[in-house]
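Everything on this sheet refers to the single structure shown next.
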Amino acid sequence: MTTINRQQLIDAAIDARTRAYAPYSHFLVGAAVLIRDGRVFGGCNIENAAYPSTNCAERVAMQSAWAVGARDIVAIAVVADTPGPVSPCGGCRQVMAELAPHAVVFLTNMHDNWVETSVAALLPGAFDPNDLPKK
Ligand code: THU
């Protein structure tokens, strides 16, 4: 199993944040996911003039990994220029519960304030595949 290097993953998220497309909110978010085999995928928020069509950084990172078959996400880092560690939105928490339920999550800001948490702590009692009827 890959050793989780917190600072490397946060640095990847900070790098991804430089590519954020946020002309409406001007709120730049970066994320990075670490795959068990050591690969890292970055993501940034990508806004849209039709606001609900915006993609969050966390989802872009997780789904970029999954899109190339890299499914075993062991850690996620998220960064934004917030007073404290950035708080992922509810939709991203739900997608974490689906695509990276066991990931270690590092939330940080641009001033090196960070916390380590888990998907279960971010979304206790998540609706997940086990809630659907077995076919
Ligand atoms: N945003 C993210 O990228 N991740 C979150 O968890 C919270 C919100 C983005 C979406 C939008 O582009 C901007 O931040 C303001 O909501």
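Work the Kirkwood hydrodynamic radius out for segment 6-124: mean of 1/r over every pair of different alpha-carbon atoms, inverted, in Å.
Here the Kirkwood hydrodynamic radius works out to 13.7 Å.
Work through the residues other than Phe106 whose Cβ is under 9 Å from its Cβ and net out their charges, Lys, Arg +1 and Asp, Glu -1.
Here the count lands on 0.
Report the net charge of residues surrounding Asn45, where surrounding means a beta-carbon distance below 12 angstrom and charges are Lys +1, Arg +1, Asp -1, Glu -1.
Here the charged neighbours net out to +1.
Order the peptides 121-128, 102-109, 61-68 from the highest to the lowest mean number of other Cβ atoms within 10 Å of their residues.
102-109, 61-68, 121-128
So what is the relative contact order for the chain, in percent, with contacts set as C-alpha pairs under 8 Å and at least six apart?
Over the chain, the number comes to 20 percent.
Only the coordinates and a few stated rules stand behind these numbers; no lab work does. The structure presented is a predicted model; accordingly, all values stated were derived computationally and were not measured. Ideal geometry is used to build each Cβ from the backbone, glycine not excepted, and the neighbour counts take in all protein chains shown.
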